[in-house]
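Worksheet: one structure, shown below.
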Amino acid sequence: MKVTGFTFIRNAVIFDYPVAEAIRSILPLCNDFVVAVGNSDDNTEELIQSIDKQKIKIINTVWDDSPAMKKGGKVFAVETDKAFQSVPPDSDWAFYIQGDEVIHEKYLDTICSAMEKWKDNHMIDGLLFNYLHFYGSYDYVGISPRWYRHEIRVIRNDKSIYSYRDAQGFRKEEDKKLNVKPVDAYVYHYGWVKEPEVMMNKLKNASSLYEDLDWVKKISSGQKFDYSSIDALKLFTGIHPRVMKEHIDRKNWHFDHDISFNKLSLKYKGKIFLRKYLGINTFYENYNII
């Protein structure tokens, strides 16, 4: 079995993306790794080069900042596809990781076993992962339905598969959802744990890559992001991935939140009730579990 990792990144240093940790977290499962490095204003390329020169192949890209690419954040999907299209044809699986996602080392054997198990079953297009979304600091996890609970991160090396919307997930020819098998592993998502000034800069940059992020535009006037507006959090009592230790020791900032505070909307409360007590799922899912 051959596995190729792939991702895209731009301005990782400026916006404090733990992309090196993301890549290192799945590198033990990958025979090689493709990174689409966009035109950056920092030393992102040097950062990627420092990880593993033998396994990692860098393809240099230029992001299309035209209005057409800002519709729904399409540019992110385009950059993801550039990396995926560079995955060698002899690879069985392509393991996708975004620049703020990390896989805990305790899940690597489980993921490897799942890839081995379904490698020759071509009815299976990919593997579906669970998610932990850290918010505010590395000590809290989002628990409201606003956070997606699952997403596809391992896909078959089938070039009819493409990145969907703003690189949210994947679909294949004729806009079909992928057939997936769940894997008992979590993605640790660190997109919302930056210091308030860095988080605000990231959001301002994101708003320049979308045409319709009105909520970002409303909060982008200040210098610091206000984390206190979140609806519901819980304390994280587990252990972070080993590759994140230095990053967390260096970057964690003080953030206190009353976890008893809960302001979930009636809409979300209703959706949770239907799923929990009646088995009716009204949440959006971009995949078919088989």
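Observations on the model:
- Here is the list for region 25-83: trypsin sites (Lys or Arg not before Pro) lying in DSSP coil, each with at most 12 other C-beta atoms within 10 angstrom of its C-beta, are 53.
- Cα gyration tensor, the chain - rounded (a/c under 1.5), prolate or oblate: rounded
- Residues 76, 236, 170, ranked from the fewest to the most other C-beta atoms within 10 Å, line up as 236, 76, 170.
- Beta bridge orientation in the chain: antiparallel %, DSSP, nearest 5: 45 percent
- Summed residue charge, Cβ within 14 Å of residue 224's Cβ, Lys/Arg positive, Asp/Glu negative: 0
- Neighbour net charge for residue 55 - beta-carbon separation under 12 angstrom, K R +1, D E -1: +1
- Mean separation of Cα contacts under 8 Å, 6 or more apart, over the residue count of the chain: relative contact order %: 21 percent
- Evaluating 6.51 cos²θ - 1.76 cosθ + 1.60 at θ = phi - 60° for every residue in region 45-53, the Karplus couplings come out as 4, 5, 4, 5, 4, 6, 7, 6, 5 Hz, glycine and proline recorded as x.
- Sequence-distant residues sharing a close amide H with residue 164 (under 5 Å, placed H): 169, 170, 171
- GNM top mover of 72, 126, 136 - the chain, alpha-carbon springs below 10 Å: 72
- Local net charge near residue 143, Cβ-Cβ under 12 Å (Lys/Arg +1, Asp/Glu -1): +2
- Region 2-7 - phi-based ³J(HN,Hα) in whole Hz, Karplus 6.51/-1.76/1.60, Gly and Pro as x: 10, 10, 10, x, 8, 7
Read-outs throughout are calculated quantities, based only on the coordinates presented, and are distinct from any laboratory measurement. Keep in mind the model is a prediction, meaning the values are calculated, not measured. Here the Cβ is made from the backbone with ideal geometry for all residues, glycine too, and neighbour counts use every protein chain on show.
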